[in-house]
Amino acid sequence: MNKRILIFAMVALLSLHLAQLPIFSYHHLLIGDFIPDEETAIAVGSAILLATHRDFVNEEDSFSAFYYKRKNAWVVHRVWPDNPNLVGTVVAVLIRKSDGKVLGFEFA
């Protein structure tokens, strides 16, 4: 009987202590940019394209990215080996800068 009372008292004290602690929130992680630069965008975008569109891209392909200000998103696309400045690609992915959400895929 004394053991049950002791356990109950410990649980009650612990719950009182936890009630005084601030609740942890992930909100502070969402402030700022989840994908801050071109290098990060290429790493994330190429992984997404390799995972979702294996018929169009492979590990040997090189990728490029540019920031699309109107959508607050990065466009990551496959670079053609013979002309790295050519934007016409087989496949591209649009990734929101603030949270990394994939907004869509583009085929050209």
How do the pairs read when you match residues in the stretch 50-73 that are of a type in the set (Lys, Arg) with residues anywhere that are modelled with pLDDT of 90 or more, using Cβ under 7 Å and keeping only pairs 6 or more apart or on different chains?
Lys71/Leu94; Lys71/Leu103
One residue is enough: does the stretch 56-66 have a residue meeting the conditions crowded, with 16+ Cβ neighbours inside 10 Å, modelled with pLDDT under 90 and among the β-branched types (Val, Ile, Thr)?
yes
For the stretch 71-107, enumerate the residues that are small (Gly, Ala, Ser) and either modelled with pLDDT under 70 or surrounded by 13 or more Cβ atoms within 10 Å (Cβ to Cβ) (or both).
Ala73, Gly88, Ala92, Ser98, Gly100
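The values are calculated or read from the model by the stated rules, or taken from the named source; none is laboratory data. Since we're looking at a predicted model, the values are computed, not measured. Methodologically, a virtual Cβ is constructed for each residue, glycine included, from the backbone with ideal geometry; neighbour enumeration extends over all protein chains shown.
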